[in-house]
Every structure is written in C-alpha cells, then in structure tokens.
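Peer 1: Take a look at this one; I'll ask things after.
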Amino acid sequence: MGWDTQINIIVEGIEIGEMEIADAIFESDAKDYYQNGMSFIKIRECGSDSKVLFFTYERRKYLPYWAIVEVSEKFKKNYFTVIASSPDFLGGPSGLVKITNGKIIDSYGFMERFGNQERTQRTLEVPDPEIMFRCFGKDKLEETIRGLYIHQHPKKWIDEKYSENLLEFNEEERKRFAAMLPATTAVPFKWTAIK
C-alpha cells in the first residue's frame with residue numbers, strides 16, 4: 001500500500017544557473033511524478049547577486065534525499081532544504097533534510113510546526129514559497145530554533161527514520177511559525193513562475 005507526500009525543495013545561494021538546477025531536480029526524480037498533484041517551480045530574487053529556487057511536486061512515498069544529494073554534488077555552492085509532508089507513512093510526521101556539497105548535514109522528523117499537526121500538514125501540502133522560505137530557509141526560523149536543540153538532537157543523517165527521530169518545538173516556538181502564515185501573504189517579494 002502506498003501514499004503520496006508533497007516534496008518542497010528550497011535551493012539557496014544561486015548566482016546563476018537556476019534553470020540548470022531546476023532541470024537537474026526534475027530529471028533526478030520529479031519527472032516521474034510531476035503530473036501527480038500540485039507541482040510548480042518559482043524563483044525569488046534576493047538582491048542583485050542571489051536567487052532562491054522553490055520546487056514542489058507530489059510523489060509516491062518517501063523523501064527523495066538520494067536524488068537531491070546527487071544534484072547537490074553538481075551544484076556544490078548551493079544550499080538545499082527538502083521538506084516532505086509525510087515521508088514515513090500516511091498521517092505520519094513530516095521530514096526535513098538539509099544538504100550541501102553533496103552531503104546531508106541535518107535531518108529529522110516533526111509533527112507540529114504551525115500550531116498543530118493538521119495545520120502543519122495543510123501548510124506543507126499546499127505550499128506558499130515565501131512561507132516555506134521564511135520558515136525553512138538557511139538561517140531562517142527553523143534553523144534558528146533548531147540551534148537550541150543541538151545538544152538533545154545533534155545534526156546527523158537519520159537514515160530515513162523520521163518517526164523515530166522527532167524534533168518537536170515547544171508551544172511558544174510553534175506559535176512563532178503559526179504567526180508567519182498570515183504575515184507572509186502581504187510580503188512584497190516577487191516569486192517568478194518558471195514552469
């Protein structure tokens with residue numbers, strides 16, 4: 001029996017070549033699933049010399065870390081964050097993997113970020129690129145709070161065992177995520193659709 005999971009990929013530190021990165025992600029895994037459900041690619045300008053790529057698609061089961069590791073090996077200067085709505089099993093925890101230079105530098109599962117599990121799943125399954133970037137991007141809210149938990153949950157590869165490696169934030173920290181939802185709709189950043 002299978003299930004579907006929404007895959008959200010944030011690629012940061014792009015100077016040039018965002019389409020090559022998008023094509024590499026597409027070819028490595030997404031092409032087999034791209035028409036399953038919600039899928040899109042958007043670009044955000046971050047100043048004159050940096051861009052962020054947001055790529056989302058729905059796939060059968062699992063978070064395809066192996067495909068993103070392979071892409072990251074080709075684009076060593078970029079920072080990849082992959083968030084899956086339910087990579088272990090239907091109704092299970094969400095999963096997060098951080099990859100740079102072809103190596104997984106952090107991974108864990110979580111049930112609640114945006115107030116409760118239902119709201120978290122809905123936010124990840126119908127993603128808004130700006131919310132995802134502001135919450136899960138490099139040095140953004142997730143990484144800032146995650147730093148408080150390093151001693152209890154060291155950064156490591158958890159070998160796809162998200163439900164066995166949960167990193168739950170406290171209620172106050174979850175409220176900070178929930179507060180991002182309505183606030184980001186008015187943010188004046190422009191994301192450009194490219195596919």
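Peer 1: From the square roots a ≥ b ≥ c of the eigenvalues of the alpha-carbon gyration tensor of the range 27-152, which class results: rounded (a/c under 1.5), prolate (a/b over b/c), or oblate?
Peer 2: Cα axes put the range 27-152 in the rounded bin.
Peer 1: Holding the Cα-Cα limit at 29 Å, pick out from Lys103/Lys175; Lys77/Lys155; Lys77/Lys175 the pairs that are longer than that. Walk me through the numbers before you get to the answer.
Peer 2: On the way: Lys103/Lys175 31 Å; Lys77/Lys155 20 Å; Lys77/Lys175 33 Å.
Over 29 Å Cα-Cα: Lys103/Lys175; Lys77/Lys175.
Peer 1: For the pair Glu143 and Asp159, how long in nm is the line joining their label points, each one 7 Å along Cα→Cβ?
Peer 2: Those two pseudo-labels are separated by 2.8 nm.
Peer 1: I would also like to ask the following. Give Lys76/Lys161; Lys51/Lys98; Lys98/Lys161; Lys61/Lys156; Lys61/Lys161; Lys74/Lys161 a once-over and call out the pairs whose C-alpha atoms are over 20 Å from each other.
Peer 2: On the way: Lys76/Lys161 26 Å; Lys51/Lys98 18 Å; Lys98/Lys161 15 Å; Lys61/Lys156 22 Å; Lys61/Lys161 13 Å; Lys74/Lys161 26 Å.
Checking Cα-Cα distances, Lys76/Lys161; Lys61/Lys156; Lys74/Lys161 exceed 20 Å.
Peer 1: Return the long-range amide H neighbours of Asp4 (sequence gap of 5 or more, or a different chain), with a cut-off of under 5 Å between placed amide H atoms.
Peer 2: Long-range HN contacts for Asp4: Lys61.
Peer 1: Suppose all protein chains stay in the model; what accessible area per residue would a 1.4 Å probe give for the chain, in Å²? Mind showing how you got there, number by number?
Peer 2: On the way: 9170 Å² over 195 residues.
Solvent-accessible surface per residue comes out at 47 Å².
Peer 1: Let me ask another. Which one, Tyr34, Leu63, Ile14, is farthest towards the positive end of the dipole of the range 1-114 when Lys and Arg carry +1 and Asp and Glu -1 on their Cβ?
Peer 2: The residue sitting farthest along the positive end of the dipole is Leu63.
Peer 1: Where does the chain land at 222 nm, in deg cm²/dmol rounded to the nearest 500, when only DSSP H runs of n ≥ 4 count, each adding -39500 (n - 2.57), divided by all residues?
Peer 2: -8500 deg cm²/dmol
Peer 1: A further question follows. Which of Ser86, Ser107, Ser50 moves most in a GNM of the chain, Cα contacts under 10 Å?
Peer 2: Among Ser86, Ser107, Ser50, the largest mean-square fluctuation in the Gaussian network model of the chain belongs to Ser50.
Peer 1: Same structure, new question: Which value, in debye to the nearest 20, describes the size of the charge dipole of the chain about its Cα centre when Lys and Arg Cβ atoms bear +1, Asp and Glu Cβ atoms bear -1, and nothing else is charged?
Peer 2: On the way: 27 positive and 31 negative charges, 46 e Å.
With only Lys, Arg, Asp and Glu charged at Cβ, the dipole is about 220 debye.
Peer 1: Once neighbouring chains are kept in place and the probe is 1.4 Å, which whole percent of the accessible area of the chain is contributed by carbon and sulfur? Could the numbers behind the result be given before it?
Peer 2: Details: 4610 of 9170 Å².
Exposed carbon and sulfur together represent 50 percent of the surface.
The values are calculated or read from the model by the stated rules, or taken from the named source; none is laboratory data. What you see is a predicted model; the values in this text were computed from it and never measured. Note that we place each Cβ from the backbone using ideal geometry, even for glycine, and neighbour counts take in every protein chain shown. Note: areas computed on protein heavy atoms with side chains; ligands, DNA, RNA excluded. Shrake-Rupley method; radii C 1.70, N 1.55, O 1.52, S 1.80 Å.
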